[in-house]
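A.B. asks: Structure below; questions to follow.
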Amino acid sequence: MKALIVTGAMLGTIAAATVPAQAAGAQAEAQPVQCTAGRLKAQVGRIDPAAGNRFAPLVLTNVSGRSCWTRGFVGLIMIDAHRDALTTRVRRDGPAGPRVVLAPGGRAVARLHWGAVETGAETSCPAPSGLLVIPPDERAFLDIPFKADRVCDHGLIRVGPLKKG
């Protein structure tokens, strides 16, 4: 029977080869993943009125235990008290901007802007009770309260790009 004799020098070589492999695994885990609906919580902040307009921050918070990234614009669908979809037109304001990395508990903010005065032939404007928020590059949504008094101009909401918040 043949025996393998391992010398101290060989152990050092084996240990040196193992450390980079372990470091690579830790590095891969440390790399942020994309922020998906399951990793985020959404909420609309205080609504500020201004001459027939309304402005509010939409805050996305990373509720996972791992850093994640996002970039660009959210999708939105207004819903009424019966959970039915209301006419919603989303217009992007500005370029997508850079990638935003969110540590656990970190936040990204997008500015929402809508009109509260009828336009053209409008005779009424919907008063949503909720908002379905679709994170960038996602199909899943977050269902949150949205107590806007009214959203006019046929449901137009202007959305700014997500920025570190």
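The values are calculated or read from the model by the stated rules, or taken from the named source; none is laboratory data. Treat the numbers as computed from the prediction; the structure is a model and nothing was measured. In this analysis, Cβ positions are derived from the backbone assuming ideal geometry, glycine residues included, and neighbour counts consider all displayed protein chains.
A.B. asks: List pairs: first in segment 111-126 and touching a residue at least 12 places away in the same chain (Cβ under 8 Å), second part of a strand (DSSP E or B) and of a type in the set (Phe, Trp, Tyr), Cβ under 9 Å, 6+ apart or cross-chain?
C.D. replies: Final answer for the pair search is 111/55; 112/55; 113/55; 114/55.
A.B. asks: Consider segment 76-109. How many of its residues are within 10 Å of the chain's Cα centre (by Cα) and within 21 Å of residue 144 (Cα to Cα)?
C.D. replies: 4
A.B. asks: Scan (1) surrounded by 19 or more Cβ atoms within 10 Å (Cβ to Cβ); (2) within 21 Å of residue 35 (Cβ to Cβ); (3) in contact with a Pro (Cβ under 8 Å, 6 or more places away or on another chain) for the single condition residue 151 breaks and write down its number.
C.D. replies: All conditions are met except number (2).
A.B. asks: Working only within segment 121-135, note down all residues that are over 16 Å from residue 89 (Cβ atoms) and touching a Leu at 6+ places or on another chain (Cβ under 7 Å).
C.D. replies: Scanning segment 121-135 gives a single hit, 135.
For (1) touching a Gly at 6+ places or on another chain (Cβ under 8 Å); (2) more than 16 Å from residue 76 (Cβ to Cβ); (3) among the small types (Gly, Ala, Ser); (4) surrounded by fewer than 19 Cβ atoms within 10 Å (Cβ to Cβ), each residue gets a yes or a no:
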| site | (1), (2), (3), (4) |
| --- | --- |
| 109 | yes, no, no, yes |
| 119 | no, yes, no, yes |
| 124 | no, yes, yes, yes |
| 133 | yes, no, no, no |
| 139 | no, no, no, yes |
| 145 | yes, no, no, yes |
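A.B. asks: List pairs: first in segment 76-105 and closer than 17 Å to residue 58 by Cα and touching a residue at least 40 places away in the same chain (Cβ under 8 Å), second in a strand (DSSP E or B) and of a type in the set (Ser, Thr, Tyr), Cβ under 8 Å, 6+ apart or cross-chain?
C.D. replies: Pairs found: 100/70; 102/61; 102/70; 105/61.
A.B. asks: Among (1) of a type outside the set (D, E, K, R); (2) surrounded by fewer than 17 Cβ atoms within 10 Å (Cβ to Cβ); (3) at pLDDT 95 or above, which single condition is residue 165 missing?
C.D. replies: (3)
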